[in-house]
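What follows is one structure encoded as structure tokens, with my remarks underneath.
Rule-based calculations on the coordinates, nothing more; no lab input. Computed from a prediction, not measured in an experiment: that's the story for all the values here. FYI the Cβ positions are ideal-geometry reconstructions off the backbone, even for glycines, and counts take in every protein chain you see.
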């Protein structure tokens, strides 16, 4: 049982993603991998219901993991809370291969606001995350929120002008799933700043 969403890896290779609304309990067939030695499961807490029958909503893998019907023991556990302490521990390196090769991952970039532009009372803006599929965005260390371009509701995230500075502005984005970024070329991709919000149209066919 997974609560709420999990990426499953075998020997550091991605196998599948499991999402609770679609399936609560899941089975991974390991028979094609007889020599495998390591199983990793990255579990995401997507929030809690605060009323009703689902008020008691434990997160993680509440019923554990079994191998051939036997509970697996001696798991190694680690957490990442996306707070300033954890974000400060990130170490970035230059991408030399396909930027989508090892996900989930953090990416870092920047954009510049000149002194003249800033003096003209730069306003807030929206960052379009549609092409990044799913993840979390930070501007200058400030968490702008989550995005999920398939489900939404929003596919743009608002950046208040109070979070912007004259000069270089740091962008950090966590991407959890495969994506096809606009203007991607080799080991680079760009993100677009727009002047209006955009939402998922769930009524389109």
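Please report the spacing between the Cα centers of segment 122-175 and segment 24-86 in Å, no decimals.
28 Å
How high is the FRET efficiency between residue 150 and residue 170 when r is their beta carbon distance and R₀ equals 35 Å, given to the nearest 0.05?
0.80
Given 20 °C and 1.002 mPa s, compute D for the chain with the Stokes-Einstein relation, Rh being the Kirkwood radius over Cα pairs; round to the nearest whole µm²/s. Mind showing how you got there, number by number?
Numbers: Rh = 19.6 Å.
Result for D is 110 µm²/s.
Return the distance in nm (one decimal) between the two label points of a simple spin-label model at residue 66 and residue 105, each offset 7 Å from Cα along Cα→Cβ.
For the pair residue 66/residue 105, the computed spacing is 3.7 nm.
Could you give the length gained by full extension between residue 56 and residue 117, i.e. 0.36 nm per residue of separation minus their alpha carbon distance, to one decimal place?
Value of the extension gain: 16.9 nm.
Can you tell me how segment 31-102 classifies by the Cα gyration tensor, rounded, prolate or oblate, using a/c under 1.5 as the rounded cut?
Judged from the Cα gyration tensor, segment 31-102 comes out oblate (a/c at least 1.5, b/c at or above a/b).
Calculated FRET efficiency, residue 11 and residue 161, Cβ-Cβ r, R0 30 Å, to nearest 0.05? Present the calculation step by step, with values, prior to reporting the outcome.
Numbers: r = 47 Å, r/R0 = 1.56.
Efficiency for this residue pair is about 0.05.
Can you give the extra length, in nm with one decimal, that the chain gains between residue 1 and residue 196 once fully stretched, where that is 0.36 nm per residue apart less the Cα-Cα distance?
66.2 nm
Which distance in nm do the two modelled labels at residue 28 and residue 95 give, with both placed 7 Å along the Cα-to-Cβ direction?
Computed distance between label sites residue 28 and residue 95 equals 2.5 nm.
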